[in-house]
């Protein structure tokens with residue numbers, strides 16, 4: 001491909017362009033960069049220095065080596081759907097976009113694995129192997145557009161993670177460009193427990209701060225023989241919540257077990273895929289079981305019995321795949337649907353022990369009143385992952401700030417009851433100060449020390465994941481005096 | 001408890017004794033130390049400086065801080081059943097034995113978790129909760145005597161890990177004494193994906209080189225409603241092997257899927273729990289399925305059909321729990337049973353893609369002939385974890401050395417076919433040079449750099465897990481010159 005003439009006064013832009021093959025592989029003009037000033041966390045924006053589009057790991061490594069040599073901050077970006085700001089160029093970074101590296105490299109049905117490049121779209125993997133009877137399990141709601149590389153960075157979850165686990169449970173090997181430009185491979189194909197330290201687990205969910213993933217070997221699963229889906233409407237949240245506990249206690253492991261509250265229902269019913277949920281109920285449960293055909297019916301019967309025991313107002317079993325799909329489409333519009341009932345919204349992402357839901361919802365309700373902001377709740381009830389959705393209006397003075405504070409208080413509530421501050425969206429810039437709700441200084445230091453091993457100059461995605469640098473440096477200095485794990 | 005008078009010329013022994021509460025909390029006389037000169041890997045022995053028996057995390061931390069201050073090598077030990085030498089005091093270490101810390105701290109059935117101290121015996125956990133209908137899944141063959149702390153260090157597996165995963169999949173949180181004496185808690189109870197780096201995964205399976213675990217929160221599971229077990233005898237290994245592949249391809253996930261070859265059968269039939277396996281067959285499969293009752297029968301039918309398709313000579317379904325238990329007792333004597341047919345034996349622990357089994361067995365057979373040593377094979381066939389058992393006689397000059405070399409060659413075969421050098425026994429001292437079969441210098445460096453963060457003076461369990469220090473230092477220096485992840 002012929003190279004387009006680059007016009008810039010920035011010598012680094014010219015040099016980076018020269019490293020990349022083909023035209024259209026670098027953006028550097030302000031009008032182009034505007035699309036890269038934030039990700040799915042839109043309340044903070046900053047322009048990158050440039051955006052490069054490498055075609056393979058070697059080109060990624062060339063850019064990384066250049067940045068390392070010239071002390072230029074850089075970070076990797078997938079589809080930019082992240083919800084915690086992990087891809088926002090806080091330091092005017094060179095963004096390494098991985099969207100051109102979007103090949104499905106290979107599929108190995110016999111050993112149940114596939115190799116993809118990081119820019120490959122999550123849902124495309126399932127679509128590519130569906131006709132052979134296989135699928136890729138992690139299913140974030142953004143799966144129609146988010147990339148598997150981004151899923152690895154955030155250790156993304158999804159509605160079906162209750163039974164099948166989050167992204168880290170499906171990653172077998174990674175090719176990674178380290179912040180010094182070296183390329184290493186970690187993990188092993190089809191191996192449960194590889195020798196040495198678990199770098200695979202360490203890199204997965206490290207939010208783009210330890211290296212840039214350039215190839216991913218994932219586990220693929222055989223489609224379950226059968227699945228069945230139930231909708232259950234409850235007049236009281238506490239009844240719905242108790243039904244969740246009892247389903248799990250009965251030894252059933254549903255593929256998914258979702259809950260939405262009254263305001264969330266108002267949202268999804270006003271959005272693209274309404275299904276006629278009653279508007280006067282406090283909670284709807286969406287429950288799915290899958291597996292071999294033989295056991296499904298018994299599990300559904302038991303689920304219905306549990307729901308009835310807890311005063312369910314109405315309960316429905318999906319009569320066909322079309323109805324099932326409509327219920328899921330309705331649920332998966334959840335976050336976006338808030339746009340139908342509010343100018344802006346902030347998604348939070350806490351984790352709580354399932355049994356604490358009624359107490360937590362009461363406290364969130366109190367936060368909502370105190371900040372005078374409506375808060376909807378969508379809940380991966382089976383695994384305790386709660387998404388409070390704080391509705392606000394950026395155009396109103398001070399309301400963004402109030403929404404952020406209300407969100408932070410919701411996370412404090414989650415931490416207070418023994419939960420944590422993120423289930424699947426990551427910490428990014430959004431929740432880095434909230435890390436202190438759940439980690440001691442020593443525990444944060446143990447983590448930042450690991451970052452230094454991989455990323456000693458902190459050029460890669462700086463200012464993310466951990467409390468702000470100055471604070472961190474203080475912690476470190478303090479602890480060094482006390483003879484800690486800080487390096488001698 | 002009154003302190004016993006300690007008589008020693010070693011000031012460190014006196015000081016360590018003074019740190020510990022109660023008599024009998026330190027051993028230092030040679031006669032006592034002899035029991036601690038090796039673990040389950042018996043071909044290498046060395047005496048420790050002393051063995052201390054702390055009663056809680058605070059006493060562990062006191063000992064660690066003392067050792068760190070006085071530059072004394074130290075390591076932690078559980079039941080000493082490890083098979084790769086991870087608890088051998090290569091450097092005359094102070095051994096911190098965790099056997100006194102053996103409490104079951106708490107059981108929380110509602111949230112499906114239990115908290116144990118590291119010296120708690122694996123099988124005792126299941127026994128403690130069995131009457132409530134729960135169990136702890138990881139089941140190494142040594143589970144009647146090995147400790148959960150040791151299981152965490154080695155990321156231990158077991159026959160039922162095919163369906164339920166290895167130890168790391170069942171650990172929710174750890175309290176850890178770091179090599180500087182600090183106590184931190186990592187992970188979160190009941191949380192799938194905690195914020196920040198995955199230190200929990202990193203510590204689990206780090207073979208006692210990053211810290212000493214003093215409290216463990218594990219996931220407990222509800223007993224399956226039903227289980228059913230099958231024995232299948234094959235005249236040809238290739239048929240047995242193909243049956244394994246076809247069972248997995250059929251979408252069945254057995255709870256366990258074990259294979260033993262002819263020599264292994266000879267061993268288990270000569271040991272404590274013979275069950276009458278025919279002696280002229282090449283392979284026996286032990287297959288177990290569990291889950292809700294409704295589906296079990298269909299799965300067993302399908303398994304029997306697969307076996308028949310591959311010319312099974314005879315196939316039996318366990319007629320009751322007693323017969324099932326006898327089959328498992330027979331299988332679980334596997335390693336020890338070798339003692340019935342050979343003076344000594346060396347257990348190896350490779351992983352291979354399931355489909356490569358016939359080829360690998362042929363190459364192991366060739367190694368057996370070349371070294372003139374019989375080799376039995378026990379195989380967690382479902383997940384490709386192969387245990388060649390090399391039979392030898394220590395009393396014969398040079399035979400130990402030949403057995404070690406033959407074992408190393410078996411691992412090379414595993415690496416050659418795309419597998420790896422340990423599935424569940426760890427690297428320890430036994431396989432540290434073999435790490436080079438599967439890792440590049442850069443990949444080993446990325447790991448030793450992490451060790452330095454936690455264990456900068458390398459006082460904790462030095463000389464384990466990675467190729468020998470001199471070699472490592474060279475690698476590091478080399479790479480530093482080439483601008484690597486080595487710290488500036």
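Closest beta-carbon to the B-to-A rotation axis: which chain B residue owns it, and what is the separation in whole Å?
B:201, 2
Could you tell me how far the Cα centroid of the range B:125-181 sits from the Cα centroid of the range B:316-363, in Å?
One Cα centre to the other: 21 Å.
As a footprinting exposure proxy, order B:380, A:236 by other Cβ within 10 Å, with the fewest listed first. Write out the running numbers ahead of the final one.
On the way: B:380 24, A:236 15.
Lowest to highest Cβ neighbour count: A:236, B:380.
Set the Förster radius R0 to 30 Å, insert the Cβ-Cβ distance between residue A:433 and residue A:370 as r into 1/(1 + (r/R0)^6), and round the FRET efficiency to 0.05.
Efficiency, rounded to the nearest 0.05: 0.90.
Averaging sequence separations of C-alpha pairs under 8 Å and six or more residues apart, then dividing by the length of the range B:1-147, give the relative contact order as a whole percent.
Across the range B:1-147, relative contact order equals 19 percent.
If you take the beta carbon distance between residue A:250 and residue B:10 as r and set R0 to 41 Å, what does 1/(1 + (r/R0)^6) give as a FRET efficiency, to the nearest 0.05?
Once rounded, the FRET efficiency stands at 0.10.
If you fit an axis through the alpha-carbon atoms of helix B:441-454 and take the longest principal axis of the Cα set of chain B, what angle between them do you get, 0 to 90°, nearest 10?
Between helix and principal axis, roughly 50 degrees.
Could you state the angle between the C-alpha long axis of helix B:399-416 and the longest principal axis of the C-alpha atoms of chain B, as a value from 0 to 90 degrees rounded to the nearest 10?
So the helix axis and the longest Cα principal axis differ by about 70 degrees.
Can you classify the range B:225-340 as rounded, prolate or oblate using the Cα gyration tensor, where a ≥ b ≥ c are the square roots of its eigenvalues, rounded means a/c under 1.5, and otherwise it's prolate if a/b beats b/c and oblate if not?
oblate
To the nearest Å, what is the center-to-center distance of the range A:407-442 and the range B:404-437, using C-alpha atoms only?
41
Between the label point of residue B:272 and that of the same position in each other copy, find the distances and list them shortest first in nm, with every label point placed 7 Å from Cα along the Cα-to-C-beta direction.
List, nearest first: 6.3 nm.
If a/c stays under 1.5 just call it rounded; otherwise compare a/b with b/c (prolate if a/b is bigger, oblate if not). Do that for the range A:390-472, with a ≥ b ≥ c from the square roots of the Cα gyration tensor eigenvalues.
Working: a/c = 2.65, a/b = 1.57, b/c = 1.69.
Cα axes put the range A:390-472 in the oblate bin.
Can you compute the FRET efficiency between residue A:468 and residue B:457 using 1/(1 + (r/R0)^6), with r the Cβ-Cβ distance and R0 = 30 Å? Round to the nearest 0.05.
For residue A:468 and residue B:457, the calculated efficiency is 0.45.
Sort out for me the Cα centre separation of the range B:247-309 from the range A:366-382, rounded to whole Å.
Distance between centres, Cα-based: 52 Å.
Neighbouring Cβ atoms within 10 Å as the yardstick, rank A:161, A:145 fewest first.
A:145, A:161
Taking every pair of alpha-carbon atoms in chain A, what share in percent sits in each 20 Å bin, from 0 to the bin with the longest distance?
Over chain A, the share of Cα pairs per 20 Å bin runs 23, 54, 22, 1 percent.
Need the full-extension length gain, residue B:308 to residue B:362, defined as separation in residues times 0.36 nm minus the C-alpha distance. One decimal, nm.
The residue B:308-residue B:362 span can extend by a further 17.0 nm.
How far apart, in nm, are two points set 7 Å out from the Cα along the Cα-to-Cβ line at residue A:272 and at residue A:236?
In this crude spin-label approximation the distance works out to 3.8 nm.
Give or take rounding to whole Å, what are the principal axis extents of the alpha carbon atoms in the protein assembly as shown, in descending order?
85, 71, 62
Quick one: of the DSSP bridges fully inside chain A, what percent are antiparallel, nearest 5?
90
Please average, across the residues of A:443-454, the number of beta carbons from any other chain that are within 10 Å of each residue's own beta carbon, and give a whole number.
6
List the relative contact order of chain A as a percent without decimals, with contacts defined as Cα pairs under 8 Å and 6+ residues apart.
RCO, chain A: 14 percent.
Please figure out what share of the DSSP beta bridges in the range A:11-97 is antiparallel and state it in percent, rounded to the nearest 5. Walk me through the numbers before you get to the answer.
Working: 2 of 9 bridges.
Close to 20 percent.
Taking residue A:106 in one copy and the same position in all the others, each labelled 7 Å out along Cα→Cβ, what are the pairwise distances from the first, in nm, shortest first?
Relative to the other copies, residue A:106 has label-point distances of 4.9 nm.
Out of all DSSP beta bridges with both ends in the protein assembly as shown, state the antiparallel percent to the nearest 5. Each step should come with its number before you reach the end.
Details: 118 of 134 bridges.
Taking every DSSP beta bridge within the protein assembly as shown, about 90 percent pair in antiparallel fashion.
Can you report the principal axis dimensions of the range B:147-228 using only the alpha carbons, biggest first, rounded to whole angstrom?
The principal-axis extents, from largest down, are 49, 24, 18 Å.
Normalising by the residue count of the range B:225-340, find the relative contact order in percent from Cα pairs under 8 Å and 6+ residues apart. List each step's numbers first, then the result.
Values: 184 pairs, mean separation 52.4, N = 116.
Relative contact order of the range B:225-340: 45 percent.
Every number in this text was worked out from the coordinates using simple rules, so none of it is lab data. Remember, it's a predicted structure, so these values are computed and weren't measured experimentally. Positions of Cβ are backbone-derived with ideal geometry, glycine not excepted, and every protein chain shown enters the neighbour counts.
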